Amino acid sequence: MINICFSIVIGTSNFFVVKNKFLYVICCKIHKVHQLDKFIQSVWGDKPLTDEMKLFVGKVHTYYQALEKIAEKKTEKSEEELKLSEERFRNMIEAAQDIFYTTDKDGNYTYVNEFGVEKLGFPLNELLTKNYTQLIREDYVKTVKSFYFKQVMAKQKFSYLEFPIITKSGFELWVGQNVQLSYSGGEYNGTQAVVRDITVSKKATEDLKISEERFRNLIQNSLDVITVLDEQGNIMYDSFSVYTQFGYEKPLIGSSVFDFFHPDDLERAKEQFAKHIHIKGITEPMEYRFRTPSGDWRHVEIIGNNLLHDPSIKGIVINSRDITERKKFEKALVESEERFRKLVQYSTDITTVIKADGTIIYESPSFFRLFGYSESLIGKNVFNFLHAEDIQKAMTELGRAIQMGGVSDPIEFRFKTASGDYKYIETIGNNLLAEPSIEGIVLNSREITERKKVEKELVRAKNQAVAAAQAKSDFLSNMSHEIRTPMNAIVGFTNLLIEKGFDKEVMEYLFSIKYSADNLLFVINDILDFSKIESGKISFESIDFNVHELLEDSLKIFKSKADEKGLELKLDNNKDVPQMLVGDPFRLNQILINLIGNAIKFTNKGYVEVSMKTVSTSNNKTNIAFTVKDTGIGIAKDKHGIVFESFNQGYTDISRKFGGTGLGLAITKNLTQLQGGKISLSSTVKVGSAFTVELPFRISTKKVSHRDNDEVGQEKNLSGLRILVVEDNKMNQFVAKQIIEKWNATTTMANNGSEAIQILTVSNFDLVLMDLQMPEMSGYQATEFIRSKSTTVLNPAIPIIALTADAFSETKRKVFEAGMDDFVTKPFNQEELYSKIIKHIRNIK
Ligand code: ADP
C-alpha cells in the first residue's frame, strides 16, 4: 500500500526505476520520518546525494511528515473513540445475557458482569474473593482445571468447554464457557471468559440421548426381529433379536434378505417386495419360512414399512415375528377340532345346540339316526318336538340351567320321532351362551326308553312290595288284635280263677294255662315289634322317667321266675347315674326285659345281675351302659355275631329245650341302634354271659318322680265308683266286670262308641274304660265327640282310659290326641289298671 502511495507521491523517474530495490527497502523498513536519514546514510554512506536523490528524499520527508501528522490526528481521534467504544462494550457486557468475567492468572475472579452476579447468586464482593473452580460441580473440578492448565501451557488463545456449576442457592447449571487468555508483555496474566447457561439445551440433548438409547434398546431387545433393507433387499441393519430368535452369531448386514427365505416362499417374497418398494407405509402381515443357521425353518410373520423417503431411515423396515409355536398350536387345534367333530359324529349320544329360546342351531348326525328325520331341524324350536306333558318341566329345568350359568341336572322328556311316536330321552343342558365359539345351550341326550320301561317295572314291583309289606303289617296288626282279645279273656279269667283258689291239681292246671298264655303274649309282641322295625314304622318317645325305678321294676317282674329256678337276682343301681332322664322308658324296659328274660332262661344256677353306669356326660347329655350278667350256659365265641340275627337261636337243640322265637336279641339290637346306642356281648361257655347296652339320654330337669302305684300291696277298693266299660268283645266285657266289681265299683257295659255316648248323655259316671277298635264307632271317634264342643254327654271332662291291644308309640299318641287321659294294655295287668283308675279319680277329686 505504501509502495503505491509512495510512487504516486514521488512520481516516476529514472532514479526511482534504477533504485527500485532501494525504494522497496525504504518502503519496507521505514515507518517514521527520523528513521529515513539514518536509513539513507546506512545504505548510501557519506557520499553526497544526487539532486534527484535529494529531491526524492525531500519528497519522502514531506510525505512522512504528512503521514505523521495524519497519524497524530488519528491517535487523538482514536483515543476518544476507544473510550467511547470501551464504554459501549462495557455497557454491552453489562447488559448481555451471558456471564462475563475475568480472572487473574490464578483463576481468582477480578470482574463479573451484573448478569453473572445475578445468575450465580453470589454478591459481587463475595464472588471477587472466590476462585472460578469453587463454583464447579465437585466431580468436574479436576477435568476443568486440567483443561485450562493445558490451554495455558499451550498458550492457546481461545478455548470452549462445557461443565456444570453450582449456584449460591445450590442450583445446578450447565454452562458453555469461552475463555480467552490475556497476556501482558508476553506474560500470561489472566483470563477473560464469556459463559452461557446451556442447561436447557444440555437437558434437551441429554433427553434426546436417553430417548435414543431407549429406542435403540427397545429395538435391540424386541422379541420381533427388526431389519432395515435397501431398495435391493440388502440388509442395512438388524436388531439384536436376530441372534436370540434365529440363532445367528453375527449381524446379517450386507447379505440379501432373500438368501434366507424358503425356496417355496421366495418367488412370492420377491414379488411382494417389488410391489412394496413403490408404496409408502405399512404392508399387510405376511407369512414366510426363514432359515436359521442350523438349516431349520422357522415360520415368521412379517410386516414391512416402506420408509425409503424418510431421511433418517432411507430403507424398508421389516418387523419379523417367530410364529412357529403358534403355527404348531394352530395345527394341533385344527387336528383336535377334527377329532372332536368325528367324536360327535360317531357318538351314539346326541348333541344338540339350541338358542335360549329353544331354536335348534346344531344337531349331531346321531340325531337323525335316533329320531329318523331325513331333514335337518335347524331353525325349528326344540320344544315343538317335546311331548305336551313334558314341555313345562323341560322348560323350567333348562331355564334354571340358563340362570345358574352351568350344567343342569338330567332332564327327562319324550321327543317326537319322524314316525310320530315318542322316545324317552335324558338330557343334560350346558349353558354355553357366553362362550363365543358356541353361543348356545349344548344338550347332551341319550335314549332311555328301555330304562324307563325297567324303571316303570321297578316302580310297579316296589309298589307291590310296599303293598305286600303293608298287607303283612296290617295282617299282623289285625292278628295281634284278634289274638290279644281272646288272650285278654284267657289271662283275665285264669287270674280270677287263681285268685279264687282251688285244690292243688286244679291250681297247677291254672298256672300252666297262665304260663302258656304269658308266653304266647310274648311271642305275639315279639313278632309285632319285629314287623314294625322291619317296616321302619317304629318311633321313640322322648319323655322324663326315673331310670333307677325303671331298673328296679323291670327286675321285679322276674322275681318269681328267678325264685322258681333258685337264682339270685342282683341289682347294682349305680348312684352316679342321674335319677331322671329323658328318653323312651318303654323301649328301655323292653330291652332290659329281653335281656333279663334270656339271662334267667339260660341260667340254671348262680345269679343274674343287672347294673348301670354313666359312660360319658357332656352338657345335658349322657350315655348310660346297662349290663345284664348271668352265670349261665354262655355263648361260644363263633356264635357271638349270629345270636343278634333275627330268627337265629345259636343252638337249635338248646333253643328247643329253652324255647323262644329267636327274635329277642334282633329286636333288642335294633331298638338300641335306632336310638343311637350300641350293644355288645362278652361271654364264655359254661361261665356266663354279659350283654351291655349303651344308650344316649338327655338329663331331665324334672324332680325325682314318686311311683304312682303307692297302692301296690294295699287292699284295693273302688267302692262307690261308677265305671262305664266300652268294649265290643263279650269275654273282655266279662273279665273287666269281674275285676272291677271285685274292687267294689259298679260297671255298665257299652258295645261300641255310639252306645257309650248315648249312655253318657243320660247317666253320670266317674270314669270310662274305652276299647279302641270297635264296630260302628271306634274309641277314638267316641272320645273326640265326648270332648267336642257339640258334645251331648253330661260330663265332657270325664276321665277316659284307653284299653289298647298294643303299646306302640303311634297308638299312644293317637290315644292322647283323641283326648283320652291314659291307656292300659290288654290283657290287663290288674295292678296297673287299678293304679291308673285311682290316679285319674284322684285328679278330679
Ligand atoms: P330266643 O327267643 O331264642 O331267646 P334271642 O334272640 O333272644 O332268641 O336269643 C338268640 C339266641 O342267643 C338264643 O337262642 C341263645 O342261643 C342265645 N342267647 C341269648 N341270650 C343268652 C344268654 N344270656 N346266655 C346264653 N345264650 C343266650
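Every number here is computed from the coordinates shown, using simple stated rules; none is lab data. These figures come from a predicted structure and were not determined experimentally. Cβ sites come from the backbone with ideal geometry, for glycine too, and all protein chains shown count toward neighbours.
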Tell me which aspartates and glutamates have Cα within less than 19 Å of residue 556's Cα, excluding those fewer than 8 residues away on the same chain? 518, 564, 568, 572, 609, 630, 708, 710, 711, 831, 832
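At a Förster radius of 60 Å, what calculated FRET efficiency corresponds to the Cβ-Cβ distance of residue 329 and residue 458, to the nearest 0.05?
My answer for the efficiency is 0.75.
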Derived scalar couplings ³J(HN,Hα) [region 794-801; Karplus, 6.51 cos²θ - 1.76 cosθ + 1.60; whole Hz; x for Gly, Pro]: 5, 10, x, 9, 4, x, 10, 10
According to a simple spin-label model (label point 7 Å from Cα along Cα-to-Cβ), what is the distance in nm between residue 106 and residue 523? 14.2 nm
Cα-Cα pairs in region 394-528 separated by more than 18 Å, as a whole percent of all pairs, come to 74 percent
Under 5 Å between amide H atoms, partner at least 5 residues away or on a different chain: which partners does residue 824 have, H built in plane at 1.01 Å? 802, 803, 804
With the 8 Å Cα cutoff and a minimum separation of six or more residues, region 93-210 has a relative contact order in percent of 26 percent
Ratio Rg/Rh, restricted to region 538-592 and using Cα atoms, in which Rh is the Kirkwood radius: 1.04
Could you tell me whether region 554-632 comes out rounded, prolate or oblate from its Cα gyration tensor? Rule is a ≥ b ≥ c as square roots of the eigenvalues, rounded for a/c under 1.5, then prolate if a/b exceeds b/c, otherwise oblate. prolate
About its Cα centre, what dipole magnitude does the chain give when the only charges are +1 on Lys and Arg Cβ and -1 on Asp and Glu Cβ, stated in debye to the nearest 20? 1380 debye
Per-residue ellipticity at 222 nm attributable to helices in the chain (runs of n ≥ 4 DSSP H, -39500 (n - 2.57) apiece, nearest 500 deg cm²/dmol) works out to -15000 deg cm²/dmol
Quick note on 407, 762, ordering by fewest other C-beta atoms within 10 Å, gives 762, 407
5 angstrom amide H check on residue 663, placed H, neighbours 5+ away: 647
Just to confirm the number: angle between the C-alpha axis of helix 33-44 and the first principal axis of the chain, 0 to 90 degrees, nearest 10? 60 degrees
Modelled label-to-label distance, residue 259 and residue 738, 7 Å Cα→beta-carbon offset: nm? 13.2 nm
For region 220-282, the Kirkwood Rh over every pair of distinct alpha carbons, in Å, works out to 12.5 Å
Karplus couplings for region 822-832 from phi (6.51 cos²θ - 1.76 cosθ + 1.60, θ = phi - 60°), rounded to Hz, Gly and Pro as x? 6, 8, 9, 7, 8, x, 5, 8, 4, 4, 5
My understanding is that a pair violates if its Cα-Cα distance is over 27 Å; which of 130/157; 570/839; 812/839 do that in this structure? 570/839
Cα shape, region 731-845, gyration tensor, a/c 1.5 rule: rounded
In region 265-378, taking the dipole from +1 charges on Lys and Arg beta carbons and -1 charges on Asp and Glu beta carbons about the Cα centre, the listed residue (371, 300, 316) farthest towards the positive end is 316
Starting from the Cα of residue 314, draw a straight line to each of the aspartates and glutamates and keep only those under 13 Å, dropping any in the same chain fewer than 8 residues away. 230, 231
Where Rh is the Kirkwood radius over Cα pairs, Rg/Rh for region 397-464: 1.12
So what's the convex hull volume per residue for the Cα atoms of region 234-336, in Å³? 110 Å³
Dipole check, the chain, charges on Cβ (K,R +1; D,E -1), about Cα centroid: among 274, 408, 767 the Cα furthest to the positive pole belongs to 274
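For the ranges 621-630, 465-474, what's the packing order if you count other beta-carbon atoms within 10 Å of each residue, average per peptide, and put the highest first?
Put in order of decreasing packing, that is 621-630, 465-474.
Determine the alpha carbon to alpha carbon distance for each of 514/605; 629/669; 145/202; 637/686; 613/826 and list only those over 23 Å.
Details: 514/605 25 Å; 629/669 17 Å; 145/202 21 Å; 637/686 12 Å; 613/826 34 Å.
The pairs that break the limit, which is 23 Å between Cα atoms, are 514/605; 613/826.
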Reachable lysines from residue 355, criterion Cα separation under 22 angstrom, eight or more residues apart if same chain: 380, 393, 416
Determine by what factor the alpha-carbon radius of gyration of the chain differs from 2.2 N^0.38 Å, reporting the quotient. 2.31
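Relative contact order of the chain: what whole-number percent is it, with Cα pairs under 8 angstrom and at least 6 residues apart?
5 percent
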Only counting other Cβ atoms within 10 Å, I'd like 334, 547, 141, 112 sorted with the fewest neighbours first. 334, 141, 547, 112
What is region 374-499's relative contact order, in percent, from Cα pairs under 8 angstrom and six or more apart in sequence? 14 percent
Helix 547-556 versus the longest principal axis of the chain: what is the Cα-based angle in degrees, 0 to 90, to the nearest 10? 30 degrees
For residue 373, which sequence-distant residues (separation of 5 or more, or a different chain) have an amide H within less than 5 Å of its own amide H, given hydrogens modelled in the peptide plane? 418
Charges only on Cβ, +1 for Lys and Arg, -1 for Asp and Glu: so what's the dipole of region 369-490 about the Cα centre, in debye to the nearest 20? 340 debye
What do you get for the angle between helix 51-95 and the principal long axis of the chain? Use alpha-carbon atoms, 0 to 90 degrees, nearest ten. 20 degrees
Can you find, among 418, 625, 724, the residue farthest towards the positive end of the dipole of the chain? Put +1 on the C-beta of Lys and Arg, -1 on that of Asp and Glu. 625
For each of 230, 390, count neighbouring Cβ atoms within 10 Å of the residue's Cβ, then give the residues from fewest to most. 230, 390
³J(HN,Hα), Karplus 6.51/-1.76/1.60, whole Hz, each residue of region 593-606, x for Gly, Pro: 4, 4, 5, 5, x, 4, 4, 5, 4, 9, 10, 9, 8, x
